[in-house]
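Below: the structure, in structure tokens.
Please treat every number below as a calculation from the coordinates, not as lab data. Please read these numbers as outputs of a predicted model, since none were measured by experiment. Here the Cβ is made from the backbone with ideal geometry for all residues, glycine too, and neighbour counts use every protein chain on show.
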Amino acid sequence: KKMCVKIANEVLKVLSDLLGHENHEIHSYVNGALYSILAVPSIREEARAMEMEDILQCYIEEGNADMIQQIEFIIKQLKSEESLDDSAESDDEEKEDNNEDHNSMEADLDKDEVLQPLDGELSGEKLLTTEYLGIMTNTPKVKKPPFPGIQQSIDEPLQRPVTPGYPRAAYPT
């Protein structure tokens, strides 16, 4: 926003031209940018001087319902007299704060943690040779049945469980 203040006329001209672009997918982004920079009083004054409201009204006449609603919000922002609240953080400052939070979380994740296997749990080389060696040597691994008592061969396709139901009555057709 601060950079746009210096070249407000050019930025507003480009954004208003982009509203008429044939690619309709960019319109919501352009509308968002317009709404955002019109929060700055000097840019808002420049937009009024170049009669931005009239330009936006033209797009309302030919736009769809979503675009019309967005443009109405932009016009409302254009007509507002609120000054930019300097105490509020800008989007860039919020992103920097989020990055700092992310970096502190990463530091916590990077701490050296020593994980110990539970009794009877495979770990290390024994885990690798038992579970994954067959992948490297193309030897099939014999799988243990997931549920004891259910017998199913590895070569058989999985059987879908059957929901118990009532016997179907024959209806005359």
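Counted residue by residue at 0.36 nm each, then reduced by the alpha carbon distance between them, the extension gain from D54 to I7 reaches 14.8 nm. Spin-label model, L18/Y132: points 7 Å from Cα along the beta carbon direction are separated by 4.6 nm.
Net charge of the neighbourhood of L18, taken over other residues with C-beta under 13 Å away and scored Lys/Arg +1, Asp/Glu -1, is -3. Other residues within the sphere of radius under 11 Å centred on the Cβ of I55, judged by their own Cβ, net out at -3 (K and R +1, D and E -1).
Peptides 17-25, 66-74 ordered by packing proxy, namely the average of other Cβ atoms within 10 Å per residue, highest first: 66-74, 17-25. Between Q69 and Q116, the modelled label-to-label distance comes to 5.8 nm, taking each label 7 Å out from Cα in the direction of the beta carbon. For region 1-89, applying the loop criterion from DSSP together with a ceiling of 11 other beta carbons within 10 Å to the trypsin sites (Lys or Arg not before Pro) yields no site.
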